[in-house]
Amino acid sequence: MIEGFELVREGDLAWLTFTRPDKHNAITLEMWSEIPRVVRQVEDDPAVKVLMLTGSGANFSAGADIGEFRELRSSAEGAARYDDAVQEAVRSLSEMVKPSVAVIRGNCIGGGCQISVACDFRFAADNARFGITPAKLGIVYDYLSTRQLVGLVGPAQARYFLLSGQLVDATRAREIGLVNDTSADEELDGDARAFAATLGSRSQFAVRGMNRIITKITDGQPEADDEVDRIRSEAITGPDYAEGVSAFLERRTPQFPHR
């Protein structure tokens, strides 16, 4: 694992933590480039059901490390390489079939907010602040992340974020649908873990299959394809369906196979 990250297994959870608190967990190019590998590692680990992302110290992430920009984005070619790394990181998170949950304290700004939006769920402390600030730097936000933001909060709120670069607090973020829920700071980790445990208690075949289908829909696919048909067919002939129906009829908690 490179500097700036920590990946830790906790039961059936994997916690990816930004570990640059002295830099407000700003994300370096090396960190952007490492995210797809981390995602593959989590996807390939049969013991992990949910990926949790958070920041050490008081902040989730203040965004990309702008201190690198003079050197790494000083030319059109350098800027393009940097943007490719960011987009691959975002794409890898958004295309995960295992659920991902951002656990957010303090500043979640710029690239930090971009990463949180690429996750499936966002849980925030009451002290969290959100903003996306490319307009302050003369940068046009990439298409994938813009589409994800519009899908999450709608075009009017996406314009507010992207064109103004202004910050909003956790209450406003919840009101517009940017975050799923908010908690007191001391309760945040427990609430996020409880939700992750709920995800882990469900049929993992169903969770991952539906997550894959939702990704296809948000990517603009208008109709089911062969992969969707296969997922649904395998579900009704698989052990999870049999266990789920039996548990319902027997009025007990289902015990789905661990996979």
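The values are calculated or read from the model by the stated rules, or taken from the named source; none is laboratory data. Remember, it's a predicted structure, so these values are computed and weren't measured experimentally. Neighbour counts run over all protein chains shown; Cβ positions are idealised from the backbone, glycine included. Ligands, DNA and RNA are excluded from the accessible area calculation, which covers all protein heavy atoms including side chains. Shrake-Rupley method; radii C 1.70, N 1.55, O 1.52, S 1.80 Å.
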remark   = Dividing the helical contributions, -39500 (n - 2.57) per DSSP H run of n ≥ 4, by the residues of the chain yields a 222 nm value, nearest 500 deg cm²/dmol, of -15500 deg cm²/dmol
message = Once you keep just the Cα pairs under 8 angstrom separated by 6 or more residues, what percentage relative contact order results for segment 5-199?
response = 19
Among 175-184, 86-95, the order from most to least packed when residues are scored by Cβ within 10 Å on average = 86-95, 175-184
inquiry  = Calculate the FRET efficiency for Ala247 and Met210 from the Cβ-Cβ distance with a Förster distance of 25 Å, rounded to the nearest 0.05.
reply    = 0.85
query = Top mean-square fluctuation among Glu71, Glu186, Glu223, Gaussian network model of the chain, C-alpha springs under 10 Å?
reply = Glu223
key: Full-stretch length increase - Leu137, Arg91 - with 0.36 nm per residue and alpha-carbon distance subtracted   = 14.3 nm
inquiry  = Name the residue from Ala194, Gln87, Ile132 whose Cα lies farthest towards the positive end of the charge dipole of the chain, charges +1 on Cβ of Lys and Arg and -1 on Cβ of Asp and Glu.
reply    = Ile132
query = Using the beta-carbon distance between Phe69 and Ser201 and R0 = 35 Å, what value does 1/(1 + (r/R0)^6) give for FRET efficiency, to the nearest 0.05?
reply = 0.20
request  = Determine the dipole magnitude for the chain: charges of +1 sit on the beta-carbon of Lys and Arg, -1 on that of Asp and Glu, nothing else is charged, the reference point is the Cα centre, and the result goes in debye to the nearest 20.
outcome  = 400
query = Suppose every K and R has +1 on its Cβ and every D and E has -1 on its Cβ; what is the size of the dipole of segment 121-259 about the Cα centre, in Debye to the nearest 20?
reply = 180
message = On a full-extension model of 0.36 nm per residue, what is the gain between Glu6 and Glu30, subtracting their alpha-carbon distance, rounded to one decimal in nm?
response = 7.3 nm
task = Working from Cα positions, state the angle (0 to 90°, nearest 10) between the long axis of helix 185-201 and the longest principal axis of the chain.
result = 40
inquiry  = Could you work out what % of the accessible surface of the chain is carbon and sulfur, using a 1.4 angstrom probe and leaving DNA, RNA and ligands out of the count?
reply    = 52
query = Taking a point 7 angstrom from the Cα of Gln255 along the C-beta vector, which residues in segment 185-203 have backbone N less than 18 Å away?
reply = 200-203
ask   = Residue farthest toward the positive end of the dipole of segment 28-167, with Cβ of Lys/Arg at +1 and Asp/Glu at -1: which of Ala102, Val48, Ser74?
value = Ala102
remark   = For the chain, the per residue accessible area (1.4 Å probe, Å²) is 50
